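This report concerns only the one structure given below.
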Amino acid sequence: MGVYIGKRVLAIIPIILFSTLLMFVMIRVGPVDPAEAYLAAAHIQPDDEVLAAKRHEFGLDQPLLTQYIQSVGRLLRLDFGHSYLSNMPVWGEVAQKLPTTLQLASASIVLALVVSIPLGVLAAIYKNRLIDHVIRVFAYIGACVPVFWIGYLLMFFISVKLEWLPVEGRGSVQHLILPSITLALWLIAIYARLLRTTVLEELKEAYVRYARARGIKERVILYKYVLRIAIAPLITGLGINLGKLLTGAIIVEQVFSWPGFGRYFIEAIINRDIPVIQCYVMLSVCVIAGSNLIADLLQLFLDPRIARKGRASQG
Amino acid sequence: MFASKGKKLLQGLLVLLVISMVAAGCSSNNTEKSADAGGAQATKTITMAWPRDIGPMNPHLYNPSQLLAQSMIYEPLVSYQDGKLVPALAESWTLSPDGKVYTFKIRSNVKFSDGTAFNAQLVKKNMDAVLHNKKLHTWLGMIPLIEKTEALDDTTFRLTLTESYYPALYDLAVVRPVRFLGEAGFPEDGDTSKGIRSPIGTGPWVLSEYKKDESATFTPNPYYWGEKPKVDKVVVKVIPDAETRVLSFEKGDLDLIYGEGLISYDAYKELESTGKYVTKLSEPIATRNLVLNTMNAKLADLKVRQALSMGFNKEAMVEGVTLGLEEKADNILPPNLPYANIKVSPVKYDVEQANVLLDEAGWKLPSGGGVREKDGQALELELMYDKADLTMKAMAETLQAEWAGIGVNLKITGVELTVYIQRRKANEFDMNFYSTFGAPYDPHSFMTAVLQPGYGVSDTLAALPMKAEIDKKIKEGMATTDDKARTGLFGSVLTTLQEQSSILPISYIKQMAVYRDNVAEFKFPSNRDEYPLHGIEKK
């Protein structure tokens with residue numbers, strides 16, 4: 001197990017290096033000069049002399065290879081430099097904003113799991129009955145409707161019309177509810193459907209027939225045996241969907257004025273604030289690769305057949 | 001065993017949810033109540049929204065410091081009001097006959113928000129800090145011309161320029177970078193370009209509470225020398241999304257929506273149609289023009305430019321695209337600006353005459369109709385616009401459709417803002433939108449754009465036969481100390497440009513304000529970059 005984890009952690013390093021290279025090339029290929037973007041944001045006429053001074057300050061006047069090597073060197077030292085826009089250390093700003101995003105993301109993940117598991121199970125138990133149809137229609141809608149639109153709808157009905165919750169901002173439990181629901185909705189939709197399918201598949205398995213033959217109650221079979229195995233793909237899915245969750249968080253943070261990392265990233269992209277973009281990309285890669293690893297390990301833990309298969313193939 | 005693991009996992013998840021909710025709850029010990037407009041009966045609070053965090057509030061720098069906060073905290077030597085320059089921190093000033101030396105009498109009863117005195121030495125210290133970072137501020141015409149700054153005594157400050165430059169006083173009225181930071185706000189080495197210690201100004205407001213990226217609360221400066229603010233608090237909530245700002249206002253969380261581009265025209269009309277709120281439009285603050293590049297051989301012909309000018313229904317376009325929130329413009333600069341009140345004959349929408357002019361210019365319609373041709377070349381032009389600006393986009397599409405009717409093929413290209421600026425600087429476009437700056441920048445900023453390359457105007461006028469004459473008049477107008485002479489010179493420049501139809505006025509841009517009926521004494525500021533918060537009241 002230890003070797004497996006070690007190998008997987010080491011595999012993240014080339015992924016990070018490749019992603020930094022990709023991002024470096026993409027920013028340079030684009031027609032926008034970060035120094036010009038800075039001046040445009042400040043509404044300063046981009047005079048040649050001022051531009052040259054800014055390029056020098058940002059280190060953009062050096063050869064591309066030197067710039068890349070320097071940026072990788074800094075990344076390895078976990079030094080993300082200073083934001084072009086605010087002139088503040090990127091890491092400091094990120095450390096301030098990251099917990100806010102994590103708070104939103106974790107509330108959404110938990111909400112998604114807590115809601116989607118009963119929905120998926122209900123849909124499976126009552127297959128092709130009214131409740132199943134209702135859950136499936138909900139899942140279709142939840143998976144198709146854009147996140148920002150759901151956000152506006154919730155704001156309009158729940159906050160403006162019913163006045164139950166605040167429209168935007170951060171500060172209380174109430175403030176967290178609408179953004180979490182908005183961010184969780186598509187996950188709930190996907191997971192409910194996924195769980196319905198896997199529960200139905202598991203119910204056809206031989207061990208279920210055997211359990212039934214032994215006279216074990218349906219409820220016990222479902223909750224004690226089937227659900228445990230059916231949840232495993234959800235965990236894997238979470239690892240894969242975390243990337244999408246981060247992108248969703250960018251939109252949700254913008255719509256609900258949630259002062260997190262996503263909003264910081266949007267401003268960085270508009271202003272070509274390369275140090276911030278680099279930091280975001282690297283952290284995203286780490287989070288996605290790390291969450292995939294954790295998801296795999298959790299799956300191993302939840303479904304011992306996988307571990308047995310692994311051992312069998314090694315043997 | 002596994003079932004209990006599953007159960008434990010579920011329990012774990014529920015605990016996590018509760019923890020994140022509680023964590024959110026714990027951080028709620030803040031100004032929620034005071035930020036809520038509804039709960040602000042005891043203290044008079046105006047709550048408004050801003051798309052960004054107010055930033056470090058450095059008076060001598062730009063983004064991410066926001067003009068809103070800078071204009072509330074810091075003050076200028078002279079202020080721009082209703083087309084005139086009036087005393088602010090300087091109670092009077094004199095100008096030497098050669099137009100180079102300004103001597104300011106500094107107000108003696110002014111204190112910074114930390115209680116320390118404002119004086120001529122601090123004026124000099126601030127000016128010198130700005131000049132230390134001179135390169136960044138060269139866009140402001142006065143900065144490169146400053147030869148000397150002197151504090152003659154506590155209340156006398158002298159500014160010496162290398163040449164006569166009448167807009168110097170207007171440049172001193174802008175919100176940044178020439179406003180004044182208190183001694184305790186300066187960093188140890190005095191170099192404010194690296195940052196400030198604390199936002200200490202002489203303005204009517206002080207920052208009393210600040211939650212980065214969430215909100216900023218301003219309260220009256222207890223040492224303010226002028227008329228005290230009439231509300232107890234101004235809360236600025238950071239709301240980056242325009243639709244959210246509208247919903248937040250409808251919910252009652254905001255008292256006022258003010259600021260360019262803060263809400264869409266649609267949203268303004270929607271709020272207006274409810275009849276529940278006060279909606280107001282300002283006088284014209286700037287003109288949205290269309291620049292026809294005379295360096296393009298097709299557009300070098302006056303008849304082609306005139307044909308294009310009369311070949312579209314400007315009034316209908318402005319009304320349709322802006323829902324009537326901008327006004328059809330006939331003048332390149334709004335006539336309510338200094339030296340800009342010139343008489344012009346409005347161009348009439350006349351498709352027939354436009355066709356005649358194009359025919360006369362040699363651009364003939366092929367027998368089957370379509371795009372006009374001359375010497376085997378089609379009358380095709382490109383209009384570049386900032387793709388994030390939906391008004392520009394809609395206008396570009398309208399022009400494309402309208403001009404197709406007179407046989408002109410208009411290609412419209414939306415580009416990112418920085419690309420837009422690059423292409424404008426390099427003069428790589430046939431046509432382009434150009435909005436004037438507004439007060440206190442115009443007319444001199446527009447005149448500078450006509451005179452100097454790089455601003456997207458001068459280069460486009462290069463093929464005009466009288467360009468040298470225009471430039472000469474602008475230089476004379478900028479340098480003269482004779483107000484009447486300047487009025488004549490600038491009037492003549494503007495009249496020539498109007499006649500040459502290479503800059504086509506499209507619409508007058510206006511400020512929008514939406515507020516609740518418990519807000520009183522709202523008045524649009526004359527300075528485009530300032531905010532109407534000083535005299536505002538709450539019933």
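Exactly one of these conditions fails for A:Phe18: (1) under 31 Å from the mean Cα position of the chain (by Cα); (2) within 8 Å of chain B (Cβ to nearest Cβ); (3) of a type outside the set (Gly, Ala, Ser). Give me its number.
Status for A:Phe18: all satisfied but (2).
Can we say A:Gly171 is at pLDDT below 90 and crowded, with 19+ Cβ neighbours inside 10 Å?
yes
Sort out which residues of the stretch B:70-111 are out of contact with any strand residue (DSSP E or B) (no Cβ under 7 Å at 6 or more places or on another chain) and buried (at least 23 other Cβ atoms within 10 Å of the Cβ), and write them in order of number.
B:Gln70, B:Ser71, B:Tyr74, B:Glu75, B:Pro76, B:Tyr80
Among the numbered criteria (1) at pLDDT below 90; (2) under 27 Å from A:Ile235 (Cα atoms), which single criterion is violated by A:Leu119?
(1)
For the stretch B:480-507, give me each residue that is in contact (Cβ under 8 Å) with a residue 40 or more places away in the chain, out of contact with any strand residue (DSSP E or B) (no Cβ under 9 Å at 6 or more places or on another chain) and surrounded by fewer than 16 Cβ atoms within 10 Å (Cβ to Cβ).
Correct list: B:Thr495 only.
When the stretch B:245-256 is examined, which residues are found to be crowded, with 24+ Cβ neighbours inside 10 Å and within 14 Å of chain A (Cβ to nearest Cβ)?
B:Arg245, B:Val246, B:Ser248, B:Phe249, B:Asp253, B:Leu254
Got a number for residues in the stretch A:218-268 being assigned to a helix (DSSP H, G or I), under 18 Å from the mean Cα position of the chain (by Cα) and within 30 Å of B:Lys211 (Cβ to Cβ)?
20
What is the number of the single condition among (1) within 13 Å of chain B (Cβ to nearest Cβ); (2) under 24 Å from A:Ala232 (Cα atoms); (3) in a loop (DSSP other than H, G, I, E, B) that A:Lys127 does not meet?
Just one mismatch for A:Lys127, condition (1).
Report, ordered by the first and then the second residue, all pairs with beta carbons closer than 8 Å, sequence separation of six or more or different chains, a first member in the stretch A:6-26 that is surrounded by 11 or more Cβ atoms within 10 Å (Cβ to Cβ), and a second member that is among the hydroxyl-bearing types (Ser, Thr, Tyr) and part of a helix (DSSP H, G or I).
A:Thr20/A:Ser71; A:Leu21/A:Tyr68; A:Phe24/A:Tyr68; A:Phe24/A:Ser71
Output the number of the condition that A:Arg219 fails; it satisfies all remaining conditions of (1) within 12 Å of chain B (Cβ to nearest Cβ); (2) closer than 30 Å to A:Ile288 by Cβ; (3) basic (Lys, Arg).
(2)
Take the residues in the stretch A:85-106 that are out of contact with any helix residue (DSSP H, G or I) (no Cβ under 8 Å at 6 or more places or on another chain) and hydrophobic (A, V, I, L, M, F, W, C); name whichever of them is farthest from the other protein chains (Cβ to nearest Cβ).
Residue satisfying both the conditions and the ranking: A:Ala95.
Just for the stretch B:169-191: of the residues that are among the charged types (D, E, K, R) and touching a helix residue (DSSP H, G or I) at 6+ places or on another chain (Cβ under 9 Å), which one is surrounded by the most Cβ atoms within 10 Å (Cβ to Cβ)?
Ranking the qualifying residues of the stretch B:169-191, first place goes to B:Arg179.
Just need a number here: residues in the stretch B:53-85 that are assigned to a loop (DSSP other than H, G, I, E, B), away from chain A (no Cβ under 12 Å) and of a type in the set (Gly, Ala, Ser).
1
Would it be correct to say that B:Val174 is within 14 Å of chain A (Cβ to nearest Cβ), among the aliphatic types (A, V, I, L, M) and under 24 Å from B:Pro440 (Cα atoms)?
Considered against the rule, which asks whether it is within 14 Å of chain A (Cβ to nearest Cβ), among the aliphatic types (A, V, I, L, M) and under 24 Å from B:Pro440 (Cα atoms), B:Val174 comes out as yes.
Which condition does B:Ser28 not pass, out of (1) within 12 Å of chain A (Cβ to nearest Cβ); (2) at pLDDT 55 or above; (3) touching a helix residue (DSSP H, G or I) at 6+ places or on another chain (Cβ under 9 Å), if it passes all the others?
All conditions are met except number (2).
Suppose we filter the stretch B:422-450 for residues that are without any contact (Cβ under 8 Å) to a residue 40 or more places away in the chain, in a loop (DSSP other than H, G, I, E, B) and buried (at least 21 other Cβ atoms within 10 Å of the Cβ); how many remain?
0
Working carefully through the options A:Ile109, A:Ile135, find the one that is part of a helix (DSSP H, G or I) and facing another protein chain (nearest Cβ under 10 Å).
Among A:Ile109, A:Ile135, only A:Ile109 is part of a helix (DSSP H, G or I) and facing another protein chain (nearest Cβ under 10 Å).
Mind listing whichever residues of the stretch B:503-534 are assigned to a loop (DSSP other than H, G, I, E, B) and touching a Lys or Arg at 6+ places or on another chain (Cβ under 6 Å)?
Passing the criteria: B:Asn518, B:Pro532.
For the stretch B:366-391, what are the residues that are touching a helix residue (DSSP H, G or I) at 6+ places or on another chain (Cβ under 8 Å) and farther than 20 Å from B:Ala300 by Cβ?
B:Tyr385, B:Asp386, B:Lys387, B:Ala388, B:Thr391, listed by residue number.
How many of the residues in the stretch A:52-74 are under 18 Å from B:Pro64 (Cα atoms) and either surrounded by 17 or more Cβ atoms within 10 Å (Cβ to Cβ) or more than 14 Å from every other protein chain (Cβ to nearest Cβ) (or both)?
2
Looking at the stretch B:257-301, which of its residues are within 14 Å of another protein chain (Cβ to nearest Cβ), closer than 30 Å to B:Asp459 by Cβ and assigned to a loop (DSSP other than H, G, I, E, B)?
B:Glu260, B:Gly261
Given the criteria among the aromatic types (Phe, Trp, Tyr), within 12 Å of chain A (Cβ to nearest Cβ) and touching an Asp or Glu at 6+ places or on another chain (Cβ under 8 Å), does B:Tyr441 qualify?
No: the conditions fail for B:Tyr441.
Among the residues of the stretch B:208-218, what is the count of those that are more than 14 Å from every other protein chain (Cβ to nearest Cβ) and surrounded by fewer than 22 Cβ atoms within 10 Å (Cβ to Cβ)?
1
The values are calculated or read from the model by the stated rules, or taken from the named source; none is laboratory data. All figures in this text were calculated on a predicted structure; none of them were measured in a lab. Backbone-built Cβ (ideal geometry, glycine too); neighbour counts: all protein chains shown.
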